[in-house]
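Note sheet for the following structure.
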Amino acid sequence: MFEIIPNWHPIFVHFTVALLSLAAGLFVVTPFVKSPLKEQWQIVARWALWFGAGFTIVTGLTGLYAYNTVAHDTPSHLAMTDHRNWAIATITLFLALAIWSIIWARKNKPLGTAFVVCIAIAGGILASTAWHGGEVVYRYGLGVMSLPKAEGEGNSHLHSEGNDHGNNVNQRMEGGHSDHDTVRDIDADGMDTMMNDGDNDHAH
């Protein structure tokens with residue numbers, strides 16, 4: 001088995017977030033929909049919830065593995081623990097909702113308002129969990145093996161003076177006419193030609 005560096009968690013988490021977000025969104029919106037597609041939306045919502053619940057088990061296990069193996073310092077440990085706690089709440093809620101919907105589906109009973117309210121709350125907790133996960137990676141750099149070393153010109157996208165994509169424009173302008181100057185020159189030549197032709201017509 002090949003190794004995913006640094007771990008498998010980033011792969012499975014995207015399936016979990018996508019499927020459970022789709023399920024929560026459809027369950028919340030469908031009761032207000034008056035369309036022949038309403039029943040199909042309910043079916044999609046159930047399958048997205050069931051598959052998402054399955055993925056969230058794998059996501060949770062790989063997340064725990066990452067929690068215990070990824071190198072970190074004290075501030076990032078606190079952020080990582082916060083993310084883990086939100087994730088445990090998310091997994092617990094969605095597994096319970098999946099079991100709830102399976103039981104009601106086997107009984108051929110429609111899911112009521114209580115279920116919709118619960119899955120809306122679970123969707124909000126899912127969003128918070130995902131946000132905390134993003135904080136762990138992008139603010140604290142957890143699980144990042146290396147960062148690109150910014151050196152030389154043209155590596156910054158901040159459009160600051162002397163260190164952005166504008167250098168290419170400046171180089172073109174220093175070496176000759178810019179594209180806009182060329183257009184202006186063509187327009188000027190065209191105007192001169194038209195004026196000269198007009199003067200010639202009046203001369204005749």
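Is it the case that some residue within the stretch 29-40 is part of a loop (DSSP other than H, G, I, E, B) and closer than 15 Å to Val116 by Cα? The answer is yes; a qualifying residue exists. Set side by side, the residues Thr30, Thr59, Thr113 differ, and just one is touching a Ser or Thr at 6+ places or on another chain (Cβ under 7 Å) and of a type in the set (Val, Ile, Thr), which is Thr59. If the condition is being part of a helix (DSSP H, G or I), surrounded by 14 or more Cβ atoms within 10 Å (Cβ to Cβ) and either out of contact with any His (no Cβ under 7 Å at 6 or more places or on another chain) or not assigned by TED's automatic domain parsing to the domain that holds Val17 (or both), then the stretch 66-76 contributes Tyr67, Ser76. Whenever a residue of the stretch 113-125 is more than 12 Å from Val29 (Cα to Cα), its partners that are β-branched (Val, Ile, Thr), lying with C-beta atoms within less than 8 angstrom and at least six residues away or across chains, give the pairs Ala122/Thr90; Gly123/Val28; Ile125/Thr90. Reported count of residues in the stretch 120-141, each being among the aliphatic types (A, V, I, L, M) and either outside the structural domain of Gly63 (by TED's automatic domain parsing) or more than 14 Å from Ile91 (Cβ to Cβ) (or both), is 5.
Answer with yes or no whether Phe94 is more than 20 Å from the chain's Cα centre (by Cα), assigned to a helix (DSSP H, G or I) and touching a residue at least 12 places away in the same chain (Cβ under 8 Å). Spell out how you get there, then give the answer.
Working: more than 20 Å from the chain's Cα centre (by Cα): yes; assigned to a helix (DSSP H, G or I): yes; touching a residue at least 12 places away in the same chain (Cβ under 8 Å): yes.
Spelling it out, Phe94 is indeed more than 20 Å from the chain's Cα centre (by Cα), assigned to a helix (DSSP H, G or I) and touching a residue at least 12 places away in the same chain (Cβ under 8 Å).
Taking the criterion of being surrounded by fewer than 21 Cβ atoms within 10 Å (Cβ to Cβ) and among the polar types (S, T, N, Q), the only residue of the stretch 51-65 that qualifies is Thr62.
The values are calculated or read from the model by the stated rules, or taken from the named source; none is laboratory data. For clarity, every value in this text was computed on a predicted model and none was experimentally measured. Cβ atoms come from the backbone with ideal geometry, glycine included; neighbour counts cover every protein chain shown.
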